[in-house]
Amino acid sequence: MSENTFKSFSFSPLKILMYIAVFFVVLYPYTVSIDNYIYPSTVVKYLTLLFAVFIFFCAYCFGYKRTGKLKSSINLNGTEVIMAVIGFYITVNNYDIKHGSYYYVISFWSIWLMMIMGKRLNSWQNELYILVQVFTMFYAVMTILTFVSPVLYFKFVLPLFDIESQKQLIKAYQNGFMAGFTDHYSTNGMYLSIGLGAFAAKLLNNLKSLKNITCTVIMLSALLLTGKRGPLLFSIIAIVFIYYFFKANKPKGRILKIISLILLGVIALLIASIWIPQLLNVVNRFFSESDSGDVTAGRGPLYALAYRLFKEKPIFGHGWGSYPSYYYENLGKYMTVYKYRHAHNIYLQLLCEVGIVGFTLYVAFFLYNLFNAITLFKAYRKNEKVFPQSAKNIMPFCLFVQVFFILYGMTGNPLYDVATLFPYYFSIMYIDYYKGNMISMNDFNYLFKIFKKKELL
């Protein structure tokens, strides 16, 4: 198995530009809280992302110019076709565009283009994965520092945000929710969940590594300090999920091992809470909501509004991005607690905005990519030699992101928040890359046949 699709692709300046492109691609979702300090204007922010796409395109064309296979290389796989159909649909049926907002559409098509080119290129896989770890670890450290040194937080971090955000952050802090270096603890929770998945994937491959253990504990501790129940719960489920398939080559006794690890984690948390009681804030929130009888955590009116809007236009919906506008009209003056006016359930919001047609397309897209990730990961665990070395940590991370995204969609906004949307697309890019660069497995139908024969179970 060749690590490098373009062995002759050694033009150093272009490689440097590729690294820059990857940096800006990761910077885009991981600085949403402070992007006014990074980008002079919204236009510059969009242009930066488009610049990254342009560099991917240059690298793509340069590689195939040298090999003489540019024309024959232009083909779309199932993922890219489904995504293109979705992109066309939400571009045409789009409430935001009608009102002058191109934010989501530009992000969507940019990622789609990079996905097409990324499966043919190197010089981005490890770099992107490392940058995700660096950014998320930064937010984890800042979260812990916020807890340890509130003076520094209130003096240096809080003033970075607008007055309204400061009020929300102070209130959240008083209630034990650490937002760290973000303008909302929910955003922080999303960053930390993705980071936890990235480091947990590395820990699976080396359980004895003190570095991996330390990084995973830091991410988990920071996530607990945010007080976010959904990200914590779905992160744990996703980790259990990837551990199950990680043991695909040694399936005996894996269920017992999972139960043992969960019990060990609970015991460790209880012991740690003796010294740091705030670690149990998120657990206490589960019980408080249970006692109140409101399992939706006050989101019932959001769900009801989405369902009512869906019934008004069930086939095509009200248009992509329309829900916030209807929120302000119907609930805005009553539910000021929510800063981001989404339904906090992407499936209900999809039904509301793009109807049954768009909902079906998106759900098919989610499940198709999840199936690809599971099948490929199983194949990797059975025969690691046919995969690049980079797949060792990245494959379990991709599966984590897929599972987390789908589950979190039931209580959060991962399809609308770039903090989770971009990592989700990153995972798809990785899967496409490994599918397209496997010797003797170029035809993904081969893997499908193996899966059907249950040779990977």
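The values are calculated or read from the model by the stated rules, or taken from the named source; none is laboratory data. Computed from a predicted structure; not experimentally measured. Cβ sites come from the backbone with ideal geometry, for glycine too, and all protein chains shown count toward neighbours.
Numbers below:
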| item | result |
| --- | --- |
| Filter pass, T420 being crowded, with 20+ Cβ neighbours inside 10 Å and assigned to a helix (DSSP H, G or I) | yes |
| Residue, farthest from Y303 (Cα to Cα), within segment 403-417, restricted to residues that are in a helix (DSSP H, G or I) and touching a residue at least 40 places away in the same chain (Cβ under 8 Å) | V403 |
| Qualifying residue in segment 208-216 (condition: touching a residue at least 60 places away in the same chain (Cβ under 8 Å), more than 17 Å from the chain's Cα centre (by Cα) and within 24 Å of M410 (Cβ to Cβ)) | no |
| Test: F246 is at pLDDT below 95 and within 23 Å of Y37 (Cβ to Cβ) | no |
| Criterion violated by F156 - all others in (1) closer than 20 Å to Y30 by Cβ; (2) in contact (Cβ under 8 Å) with a residue 12 or more places away in the chain satisfied | (2) |
| All positions within segment 74-125 that are closer than 17 Å to A52 by Cβ, modelled with pLDDT of 90 or more and of a type outside the set (A, V, I, L, M, F, W, C) | S110 |
| Condition check for N383: modelled with pLDDT under 90 and not basic (K, R) | yes |
